[in-house]
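Chemist: Before I ask anything, here is the structure I am working with.
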Amino acid sequence: MADLRDTIARLDPPPLATHGREEELCAAYEAAFEEDRETWLEFATPAVERLEKGSFSLEWMNTDGGAWGTKVKPSSRGLTFMDLNRSKAYGTIADSVPDHHRNLTPRGSIRDPYKDQLPVYDDFVVTEKWDLWADNVSTLYEEAKARQWNATKDIAWDELETLPEDLEKAACQLATFLTEIEFLAGDFPAKWMYRIPAEFLEIKAFLATQIMDEARHLEVFRKRALAGGGGLLHVNPMFEWASKALMASPTHTSGAYFLNLIGEGFILSVFRGGEFLARTHVDREIFRRCLQDEARHVAFGTIELKNYLEHHPRPDQALALMHRYADIAEVLVSTSILQPVVLEPLAVLMGGGIDEIDSGMDGVAFLWDVVKEEYLQRCDRAGLYRRDVCKFGELPWKAAVNR
Ligand SMILES: [Fe+2]
Ligand SMILES: [Fe+2]
């Protein structure tokens, strides 16, 4: 026992290699360790004493307070989260997560006897079901697993046709912008995944699939830019400002609305226009595969927003806040899209070449209206009526053409 005390007393936390702040961070880590040392000893002491006596606890074999004997039946798809959640013990999701469950304790496990012993993870701030739930999450999770694909070998890279330089430049510029977007689309769910207690495990699991999807997307567009012998082109500084604002979203639902409904909704509408934008069958296949993935993310965000507006304890306040938030998000997204690095390559691809950029812009103006209408439909579905107040406006090009 004394040896163990000495070992813990001498335990050195691992050094952190973080930009020249190692000393400071290591000292803070040691201080936190000192604060919790007594707690850890309280766990270590009885366990070691029991082992020294050669006796066993076997408390874990006591099933009181658990759901021992629950047998779940697979459905035609196999054994899904939906099948598990038909059992009351495992499928009852808390409306509000108490502090003693703000950690990684699995829903349905025997955890109440330990509630005074469990730590609170301070980062786990999304404790209310109305603040993150989406009823379609388990179905989308199953679909995400079934539809994973591999950008290394599922795209026929060796069949990519050589395009005239103007079209290849436009394809590469679009791929550059899409790569930039995909980083944001993965980083946002990653940031929030660690803020969600294990109680909402289906949401955590779905966000993990979204993170993987976005990794594959940034991979496929990076590869597309290089595969045609062109390469990555210009970044979009305005988009970086919009992304920074999105990452700073105050709540998960507000950020998910910004990312999934507006941002990914835009991408979804653009990919649907793949027939007009893709100048090779390889590009068409890339858009088709990404479209399937984005449709899941958009569906998740839409139903999460609906859940938020329907179940928030103060619905009027929730609706007013979302409108204030949307006033900003719509401006940021539309301003990012108006940049020449986005609109002009779309116009060149739509028109079929730099000489046809004017007629291409007419096509882009049409696409802009489709993007806006599909976005408004998603908002309608979620219960956020933006039709009369939407900040997207007309594409200035279209206004000029109509004058
Ligand atoms: Fe994506
Ligand atoms: Fe996405």
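The values are calculated or read from the model by the stated rules, or taken from the named source; none is laboratory data. Treat the numbers as computed from the prediction; the structure is a model and nothing was measured. Positions of Cβ are backbone-derived with ideal geometry, glycine not excepted, and every protein chain shown enters the neighbour counts.
Chemist: Regarding region 46-59, can at least one residue be identified that is basic (Lys, Arg), part of a helix (DSSP H, G or I) and over 21 Å from the mean Cα position of the chain (by Cα)?
Modeler: yes
Here is a yes/no grid of residues against (1) within 30 Å of CYS390 (Cβ to Cβ); (2) within 12 Å of ligand 1 (Cβ to nearest atom); (3) surrounded by 24 or more Cβ atoms within 10 Å (Cβ to Cβ):
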residue: THR179; (1), (2), (3): yes, yes, no
residue: GLY186; (1), (2), (3): yes, yes, no
residue: GLU202; (1), (2), (3): no, no, no
residue: GLY230; (1), (2), (3): no, no, no
residue: PHE239; (1), (2), (3): yes, no, no
residue: ALA245; (1), (2), (3): yes, no, no
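Chemist: Scan (1) in a helix (DSSP H, G or I); (2) crowded, with 19+ Cβ neighbours inside 10 Å for the single condition SER249 breaks and write down its number.
Modeler: (1)
Chemist: While we're looking at this one, here's another question. Can you say whether ALA248 is out of contact with any Phe, Trp or Tyr (no Cβ under 8 Å at 6 or more places or on another chain) and away from ligand 2 (no atom under 16 Å from the Cβ), as far as the supplied structure shows? Don't jump to the end; show me each part of the working.
Modeler: Details: out of contact with any Phe, Trp or Tyr (no Cβ under 8 Å at 6 or more places or on another chain): yes; away from ligand 2 (no atom under 16 Å from the Cβ): yes.
For ALA248, the condition - out of contact with any Phe, Trp or Tyr (no Cβ under 8 Å at 6 or more places or on another chain) and away from ligand 2 (no atom under 16 Å from the Cβ) - is met.
Chemist: Shifting gears a bit: Across region 286-303, what is the number of residues that are surrounded by fewer than 22 Cβ atoms within 10 Å (Cβ to Cβ) and within 13 Å of ligand 2 (Cβ to nearest atom)?
Modeler: Total satisfying the criteria: 5.
Chemist: May I pose another question? Going by the conditions given, is ASP283 more than 14 Å from ligand 1 (Cβ to nearest atom) and of a type in the set (D, E, K, R)?
Modeler: Against the criterion (more than 14 Å from ligand 1 (Cβ to nearest atom) and of a type in the set (D, E, K, R)), ASP283 qualifies.
Chemist: So is ILE155 away from ligand 2 (no atom under 16 Å from the Cβ), more than 30 Å from LEU84 (Cβ to Cβ), at pLDDT 95 or above and crowded, with 20+ Cβ neighbours inside 10 Å or not?
Modeler: Details: away from ligand 2 (no atom under 16 Å from the Cβ): yes; more than 30 Å from LEU84 (Cβ to Cβ): yes; at pLDDT 95 or above: yes; crowded, with 20+ Cβ neighbours inside 10 Å: yes.
Yes: the conditions hold for ILE155.
Chemist: Another question, if that's okay. What's the number of the condition ARG216 fails, among (1) more than 16 Å from ligand 2 (Cβ to nearest atom); (2) surrounded by fewer than 22 Cβ atoms within 10 Å (Cβ to Cβ); (3) modelled with pLDDT of 95 or more?
Modeler: (1)
Okay, residues lined up against (1) within 13 Å of ligand 1 (Cβ to nearest atom); (2) in the same structural domain as PHE221 (by TED's automatic domain parsing); (3) over 16 Å from ALA171 (Cα atoms):
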{"site": "THR253", "(1), (2), (3)": "no, yes, yes"}
{"site": "PHE276", "(1), (2), (3)": "no, yes, no"}
{"site": "LEU291", "(1), (2), (3)": "yes, yes, yes"}
{"site": "ALA295", "(1), (2), (3)": "yes, yes, yes"}
{"site": "LEU309", "(1), (2), (3)": "no, yes, yes"}
